[in-house]
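**Q** Sending over a structure as structure tokens; questions will come in a sec.
Each value in this text was obtained by applying a stated rule to the coordinates, not by laboratory testing. Here the structure is a predicted model, which is why all the values come from computation and not from measurement. Here Cβ is always computed from backbone atoms with ideal geometry, including for glycine, and neighbour counts include all displayed protein chains.
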Amino acid sequence: MADWDSKYRDTPVPLFGTEPNEYLRQALARSDVDPRSALCLGDGDGRNGGWLAERGLRVTAVDLSAVATEQAQARDAGRGVAVERLVADLAHWAPPPGAAWDAVVLLYLQCESAVRRCALERAAAALTPGGWVVAEGFTPGATDDSFLGPRQPDILYDLEDLAAALPGFQVVEAFTGTTWLEEGTRHRGPARVARLLARKPV
Ligand SMILES: C[S@@+](CC[C@H](N)C(=O)[O-])C[C@H]1O[C@@H](n2cnc3c(N)ncnc32)[C@H](O)[C@@H]1O
């Protein structure tokens with residue numbers, strides 16, 4: 001398994017930049033997407049959770065890496081926002097009873113697909129009716145070494161697998177294809193990505 005603590009500790013600059021993920025920005029720009037709260041799974045050093053909090057959302061963020069979470073807390077403080085940040089392994093973490101959010105954000109959570117799927121199922125159960133899932137991650141199909149992302153098949157995203165974790169949800173947008181990522185030092189270049197925007201039934 002990747003040693004995320006070392007990756008975050010050893011970088012002189014934020015690994016994925018300071019700006020939010022582009023697909024998250026696009027999803028939130030839609031007129032029908034207006035969450036008041038969000039649960040960010042694998043929020044890393046906090047670029048997405050902090051951005052959502054800046055927009056006025058109540059945000060809970062979970063990440064395995066204590067180092068990333070400390071960096072995220074420092075960034076939150078710099079932004080003047082409060083985010084509930086938890087260091088936890090999503091293989092085991094579940095939302096506390098009664099907890100609810102209007103959006104689940106799953107961006108580049110890079111772990112075994114079974115863990116990702118369980119985490120998404122548990123998070124989706126805690127979504128409010130009409131709540132949103134915004135997901136993006138590397139998917140198979142890299143044609144050469146210039147393409148970003150891991151190559152281990154089990155870490156890559158599969159749209160059908162994501163949708164299977166969300167039975168009954170309306171798939172508002174599903175995309176698999178090539179894009180150019182421009183996010184910090186780690187996500188800069190061509191990439192095969194899967195994107196999903198799905199809505200829980202009201
Ligand atoms: C590629 S980074 C993306 C971080 C963030 N979502 C972003 O887009 O900036 C992947 C993140 O997933 C987290 N992660 C990997 N496996 C995890 C697990 N089992 N539970 C919680 N977080 C995990 C890592 O610690 C890391 O911060």
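**Q** So which trypsin sites (Lys or Arg not before Pro) in segment 1-104 are both in a DSSP loop and have at most 15 other Cβ atoms within 10 Å of their Cβ?
**A** Working: sites: Lys7, Arg9, Arg25, Arg30, Arg36, Arg47, Arg55, Arg58, Arg75, Arg79, Arg85; in loops: Arg30, Arg36, Arg55.
Within segment 1-104, the qualifying trypsin sites (Lys or Arg not before Pro) (loop, at most 15 other Cβ atoms within 10 Å) are Arg30, Arg36, Arg55.
**Q** Oh, and also: Could you work out how far apart the two model spin labels at Arg151 and Val33 are, taking each label as a point 7 Å from the Cα in the direction of the beta carbon, and quote it in nm?
**A** 3.2 nm
**Q** Let me ask something else about it. Can you give the Rg/Rh ratio of segment 4-199, where Rg is from the C-alpha atoms and Rh is the Kirkwood radius? Mind dumping the intermediate values first?
**A** Details: Rg = 15.5 Å, Rh = 16.7 Å.
Rg/Rh: 0.93.
**Q** Here is a follow-up. Restricting to the chain, compute how many DSSP beta bridges are antiparallel as a %, nearest 5.
**A** On the way: 20 of 39 bridges.
The antiparallel fraction comes to roughly 50 percent.
**Q** Using a basic spin-label model with each label point 7 Å from the Cα along Cα→Cβ, how many nm lie between Asp161 and Thr185?
**A** 2.9 nm
**Q** Hey, what did the chain get for relative contact order, percent, Cα under 8 Å, at least 6 apart? Numbers along the way, then the final one.
**A** Working: 422 pairs, mean separation 40.7, N = 202.
For the chain, the relative contact order is 20 percent.
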